[in-house]
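Derivation of every value follows stated rules applied to the coordinates shown; laboratory data play no part. Keep in mind that what you see is a predicted model, and the values were worked out from it rather than measured. For neighbour counting, all protein chains shown are included, and Cβ atoms are generated from backbone atoms with ideal geometry for every residue, glycine included.
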There are 2 protein chains.
Amino acid sequence: MDIRKVNINEKFKLFDAHWTPKLVGELNGQYVKLAKVKGEFVWHSHANEDEMFLIIKGQIRMEMRDNVEVLGPGEFIIIPRGVEHNPKTVDDQEVWLMLFEPKDTAHTGEVQHEKTVNDQQWI
Amino acid sequence: MDIRKVNINEKFKLFDAHWTPKLVGELNGQYVKLAKVKGEFVWHSHANEDEMFLIIKGQIRMEMRDNVEVLGPGEFIIIPRGVEHNPKTVDDQEVWLMLFEPKDTAHTGEVQHEKTVNDQQWI
């Protein structure tokens with residue numbers, strides 16, 4: 001089967017729901033995901049997985065217990081395993097994110113929450 | 001230690017050399033790398049690693065034995081392990097790339113070439 005490129009913006013046109021990451025790539029046991037988010041997520045951590053957030057559009061305020069980083073397009077942050085974090089969008093604007101994390105990462109880590117999506121879909 | 005964001009464009013200002021990937025992140029046994037490339041690389045494959053190329057600036061023509069994909073900014077391609085590939089820049093313009101691959105990935109896979117960089121550096 002031919003190997004095809006993925007256009008990130010085209011993929012973002014395929015869904016609207018917030019806080020529901022979609023799968024767009026897989027490599028070395030990791031998933032590449034896209035998510036649209038707005039508002040506040042939930043404090044959580046992942047015991048065994050590091051998680052990378054790359055901002056495509058908008059601004060996100062990544063709260064951690066020790067510091068806060070505000071990220072815009074072309075910026076990323078890697079949250080190491082075990083580190084509690086809570087992403088919030090800035091000024092209540094929609095944010096487009098690209099995520100990298102192991103295939104077995106639970107959406108909200110140890111926490112089950114109304115925002116938890118346990119069955120993430122390919123687009 | 002506080003966890004800090006990375007601004008991709010700021011990192012690209014820190015080096016000029018072509019075909020010498022720099023390390024900018026690490027997660028789950030994978031490296032995130034940035035590279036500036038121009039011209040043609042070399043046909044190679046990686047026996048045990050999948051490799052992701054995300055284009056930040058410019059256009060790249062990814063040759064594989066079965067097909068060719070031309071990628072621009074905001075597009076990525078994942079080259080599965082074992083698949084021979086050869087990236088070339090379009091119109092001999094400089095291209096900025098973000099790469100994701102396992103920490104133990106050899107730059108040119110099984111091939112040793114004058115363009116091979118065996119000791120990649122953090123920036």
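Using a 7 Å offset from Cα along the direction of the beta-carbon, what are the separations from B:K5 to the same position in each other copy, nm, ascending?
Copy-to-copy label distances at B:K5, shortest first: 2.7 nm.
What number, rounded to the nearest 500 deg cm²/dmol, is the helix-based mean residue ellipticity at 222 nm of chain B, given -39500 (n - 2.57) per DSSP H run of at least four residues and division by all its residues?
-1000 deg cm²/dmol
Any chance you could list P(r) for the protein assembly as shown, counting all Cα-Cα pairs in 10 angstrom bins from zero, rounded to whole %?
The percentages, shortest bin first, are 7, 32, 37, 19, 5, 0.
Specify which residue in the list B:H46, B:P102, B:L34 is farthest towards the positive end of the charge dipole of chain B, using unit charges on the beta carbon of Lys, Arg (+1) and Asp, Glu (-1), about the Cα centre.
It is B:L34.
Where in the stretch A:12-53 is the amide nitrogen less than 12 Å from a point lying 7 Å along the Cα-to-Cβ axis of A:D92?
So the set is A:39-40.
Going by Cα centres, the stretch B:69-123 and the stretch A:42-78 are how many Å apart?
The two parts, judged by their Cα centres, are 26 Å apart.
Got the B:K103 label distances to the other copies yet, label 7 Å along Cα→Cβ, in nm, shortest first?
Label point to label point, same position, other copies: 2.1 nm.
One decimal, nm, shortest first: give the distances between the label point of A:V90 and those of the same position in the other copies, each label point 7 Å from Cα along Cα→Cβ.
Nearest first, the other copies' label points are 3.1 nm away.
Please state the shape class of the stretch B:1-69: rounded when a/c is under 1.5, otherwise prolate if a/b exceeds b/c and oblate if not, all from the C-alpha gyration tensor.
Since a/c reaches 1.5 but b/c is at least a/b, the shape of the stretch B:1-69 is classed as oblate.
Could you work out, for the stretch A:8-112, what percent of all Cα-Cα pairs fall into each 5 Å distance bin, beginning at 0 Å and stopping at the bin that holds the largest distance?
3, 13, 24, 28, 22, 9, 2, 0
Among A:H113, A:H46, A:H85, determine the one that fluctuates most according to a GNM of chain A built with springs between C-alpha atoms less than 10 Å apart.
A:H113
From the cross-link list A:K33/A:K115; B:K11/B:K103; A:K103/B:K13; A:K11/B:K22; B:K36/B:K115; B:K13/B:K38, which pairs have alpha carbons spaced over 22 Å apart?
A:K103/B:K13; A:K11/B:K22
Run the quick spin-label model on A:Q121 and B:N48: label points 7 Å from Cα toward the beta carbon, then report their separation in nm to one decimal.
Each label point is offset 7 Å from its Cα along the Cβ direction, giving 3.7 nm.
Springs between alpha-carbon pairs under 10 angstrom, Gaussian network model over chain A: which of A:P102, A:P87, A:P21 fluctuates most?
A:P102
Can you tell me the dipole magnitude for the protein assembly as shown around its Cα centre, using point charges on the Cβ only (Lys, Arg +1; Asp, Glu -1), in Debye to the nearest 20?
Around 460 debye, computed over the protein assembly as shown.
If each residue's Cβ is checked for other Cβ atoms within 10 Å, how do B:W43, A:W19 rank with the fewest at the top?
B:W43, A:W19
Take peptide A:5-12, look around each residue's Cβ out to 10 angstrom, count Cβ atoms belonging to other protein chains, and average those counts.
Going residue by residue through A:5-12 and averaging, the value is 5.
Find me the longest stretch of chain A that has none of the exposed GluC sites (Glu not before Pro), where exposed means in a DSSP loop (not H, G, I, E or B) with at most 16 other Cβ atoms within 10 Å.
A:1-83
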